[in-house]
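What follows draws every value from the coordinates through simple rules; no lab data is involved. Since we're looking at a predicted model, the values are computed, not measured. Here the Cβ is made from the backbone with ideal geometry for all residues, glycine too, and neighbour counts use every protein chain on show.
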Amino acid sequence: MALQVWVGDWPLHWGVKFPFVVLASLALLLLSYHFLVRSTVIGRLLNGKVHPRHAVAAAPVEAAVDDGVVASLCGVSKRYGKLEALTTVDLELRRGELLALLGPNGAGKSTAISLWLGLHDADAGIVRLLGGSPQEIARRQGLGVMMQDVELPKDLKVHELVALSASYYARPLSVKEALVRAGITALANRPYGKLSGGQKRQVQFAIAICGRPKVLFLDEPTVGLDIQARELMWANIRALLREGCSILLTTHYLE
């Protein structure tokens, strides 16, 4: 508006001034986007960095992991402000392998997983998942994840949460099978918000495995579980390994 008022005082015909107003307005919009919007989450979405536009063209997952490496970090560094969470880390997870990351809180274990999940970008180095970028939807289809801090809809029943998660995968487990494997069939009709902390962890595990993942990330999976539930968790992990699933977990327990 200020630009139009300013140009309106020029001693020229509007047939000349109008194109100038249009071009100047477009230039201001482009500059505003470049300096104010591009670096934000909205800008990343518009540029396809969060959900890439060309994910459909990704190479087939099976063809991309012939070397047996399903997830890798190569010279990866990640910093949050002044805190350096990862420094030139090299790490590989192979097909059918169980890899445990041990370390105190703040050691960068969850940061490494978040890079593989495509939740954050590395400041340096290369992050690979199932032969491609974690940002590609085709790679994410082969993932299962159970993070330590999770918020799920409290009013949904357990079987509804598992069914909703399974609907995102091409060949998921049935809801019944996922509940059986997680040992929570008795909780199927309970609202998630009414469960204990340990029961919620079991539901999160059912959600993590319902898509038949090729790669499974488990962040402190046994925290909050009683002895019986913990033993079932490890039995499930061993069964998944026999099925060819690759598992990376973080834990404080040396069992």
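For this structure, a couple of remarks:
- Computed about the Cα centre, the dipole magnitude for the stretch 105-227 is approximately 460 debye when only Lys and Arg (+1) and Asp and Glu (-1) carry charge, each at its Cβ.
- Whichever aspartates and glutamates have a C-alpha closer than 19 Å to that of Lys78, once near sequence neighbours (fewer than 8 apart) are set aside: Asp90, Glu92, Asp121, Asp123, Asp219
- Least to most buried among Arg128, Arg238 (fewest other Cβ within 10 Å first): Arg238, Arg128
- Footprinting exposure proxy for Leu101, Leu93, Leu218 (fewest neighbouring C-beta atoms within 10 Å first): Leu101, Leu93, Leu218
- Angstrom value of the Kirkwood radius, inverse mean 1/r, which spans all Cα pairs in the stretch 68-213: 16.6 Å
- Using a cut-off of 21 Å between Cα atoms, the listed pairs Lys194/Lys214; Lys157/Lys194; Lys82/Lys109; Lys176/Lys200; Lys157/Lys200 include Lys194/Lys214 as exceeding that distance.
- Between Ala71 and Leu93, Leu130, the built amide H atoms are under 5 Å apart, and every one of these is 5 or more places off in sequence or on another chain.
- By other beta-carbon atoms within 10 Å, ranking Ile237, Ile126 with the fewest at the front produces Ile126, Ile237.
- Across every direction, the projection of the convex hull enclosing the Cα atoms of the stretch 175-245 has a mean area of 4.6 nm².
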